[in-house]
Each structure stands twice: as C-alpha cells, then as structure tokens.
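Report on the following structure.
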Amino acid sequence: MPKQPVRDTRPKGSVEGRRPVIALWGHAAGYILKVLAISDMDVRKLRHDPTELFTRAIQPMLWLLVFGQVFARTHAIPTGSISYIAFLAPGILAQSVLFIAIFNGISVIWERDLGIVHKFLASPTPRTALVLGKALSSGLRAVTQAAIIYLVALALGVRILWAPWALVGVVLLVFLGAALFSTFSLIIACIVKTRERFMGIGQVLTMPLFFASNAIYPMSIMPGWLQGVSYLNPLSYTVDGLRALMLADGESGFGLAVDFSVLTLTLAVLVVIGGRMYPRLAT
C-alpha cells in the first residue's frame, strides 16, 4: 500500500511553527543594533568636539542673511506666491545636508589609516550595516543644522509649517538626503582611497550638485539641458520635499510620494554598492 502523507498535527500557533519568524526578527534586530553601534561611534566623536556643528552653520546662515536678502530685493527670480527668502530656506537646508554628508568619506579614509576599517572587516558585521551606520550618523549631524536654519528662517519672517506630521517629514527627508550623499561619499572614498584625491573630487562635486538643482531658483527658468540634469539630481527631490513640508504656503512640484520614493530607492542602491566596495578600502 502507498504510504499516506504524514500530516502536521502541531497547532499553527506552536513555537515550532513560529521559529522561522522568530529567527528572522532576531536577525533583523541584530542588524539594526550593529547599525546603531557604528553610528554611535561617530556621534560620540561629535559629543567630544561639538564645534563642528557651529562652524558648519555659518555658511547656510550667510546664504540666507546675505545672498537671500540681496536677491529678494531684486525680484529677479520668480517664486510664485511666496517670498524669495521663503523659497530659498528649504534649498539652503538641503545644501547644508549635502555639504555635511558629501565629505563624510574623508572620515572613512582616516579610519582606514588608523586601522579601524581592518577591525570592522574582521568582525562579523555585515558590510551594508557599516555603510548604513555611517549614513545614520550623517543624518544626525544634518538634523542639528535643520534646527539652526529653522531659527534663522523664522527670524527672517518665513512662515513655517509647524504641523507635527510636517516636522516629522522634514526630519525624514533630512535623514534620507544625508544618508544618500554620505553613502555616495563613502563610495568615492573606496575608489580614490587618499585624502588629497577625495578632497579634490568632493569640492568638484558639491557645487555642480547644488547649482544643478532647484535649491536657489525654480526649474522652470533653467535651460532645457539643465532641467534634464536637475531631474536626475537627488538634491532636487530633497529640496522639493522640504519646500512642501517646511513652508506654510509651500507645495511640491514632483509630489511627496515621488520625492520620498526616489530618495529611498537611490539610497538602497547606493548602500548595496557601498557594501560591496567597502572592503576595497583595506587594499
């Protein structure tokens, strides 16, 4: 007689049936803890020397207080129903996020020279967790800049949207933007491997990324070729989302769903690439 298939008589809610799910949650929790541990290392450096936060705040303040007020008087840039200062404030916040994150790769090169990278690679920590930990610490730095820019914008008479959901959205966008450009910076560091080359490339990249975005002027007044570049620039989506969530009269040109989706997908791709390239730092 053919053998009858053995039925699983265990109840569906039994411990044995839940073991794969429990194991999955355990791996996820362990991964998150490793990301937080890497991030905490960078944040502790900042606690020991917080002067970086104040020195990095000078440039965005100058953009708002000098550049913004001068151009607001010319009325040369069409900004619709909002003032130029209000239009500029989210762009300068995005600029601050970019400038903080894009030079994060230099710290990775320092860690390589001190032997820290070799210790990371010898540990069982996933490479993507190392990359995400660095990205998260950049986000924390950028949030402090957001607080400063909010205060300056408020002092200049910008009408801020204080709804809790909008503030949460701004924090998420700042984290996403900082994480994205920080990971991009790490990939560059894995390629060039020296501080001198990295500083040169970093300075070459920052200003084109900034000016080829909608940070200081609307895309509608750009020439056609620059509009095409701006659509491919992640900074444009960061600015667009910040403009909708930060300003009381702001609105998104792309749509918030598009802004968050583009930034999230780009970050995911860069994290995978960064995780694969991270071991190259040790060679």
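Highest-first packing order for the peptide set 232-243, 55-66, 167-178 is 232-243, 167-178, 55-66, based on the mean count of other beta carbon atoms within 10 Å. Residues whose amide H falls under 5 Å from that of I160, counting only those 5 or more places apart or on a different chain, are A248, with hydrogens built in the peptide plane. Dipole orientation for the range 17-282: of the candidates F71, I85, V43, V43 has the Cα lying most toward the positive pole (charges on Cβ; Lys, Arg +1; Asp, Glu -1).
Distance between the pseudo-spin-label points of L232 and V269 (7 Å out from Cα toward the beta carbon): 1.1 nm. One decimal place: the segment M61-E251 gains 66.1 nm when fully extended, by the rule 0.36 nm per residue minus the C-alpha distance. Multiplying the residue separation of R73 and D40 by 0.36 nm and subtracting their alpha-carbon distance yields 7.4 nm. Principal axis extents of the C-alpha atoms in the chain (largest first, rounded to whole Å): 92, 46, 39.
Peptide packing for 219-227, 136-144, 264-272, 76-84 was compared via the average number of neighbouring C-beta atoms within 10 Å per residue; ordered from the highest value, the list is 136-144, 264-272, 76-84, 219-227. Available extension along the chain between I32 and L151 is 39.6 nm, counting 0.36 nm per residue and deducting the alpha carbon span. Placing dummy labels 7 Å off each Cα toward the beta-carbon, the span from M219 to D113 is 4.0 nm.
Its convex hull of Cα atoms gives the range 145-283 a direction-averaged projected area, equal to a quarter of the hull surface, of 9.7 nm². Taken over the alpha carbons of the range 118-163 as equal point scatterers, the Debye sum produces base-10 log I(q)/I(0) values at 0.23, 0.26, 0.31, 0.32 Å⁻¹ of -0.82, -0.92, -1.03, -1.05.
All of the numbers you see were taken from the coordinates with simple rules; none came from a lab. Note that the structure is a prediction, hence the values are computed from the model and not measured. When we count neighbours, we look across all protein chains shown, and the Cβ atoms used for this are built from the backbone with ideal geometry, even at glycine.
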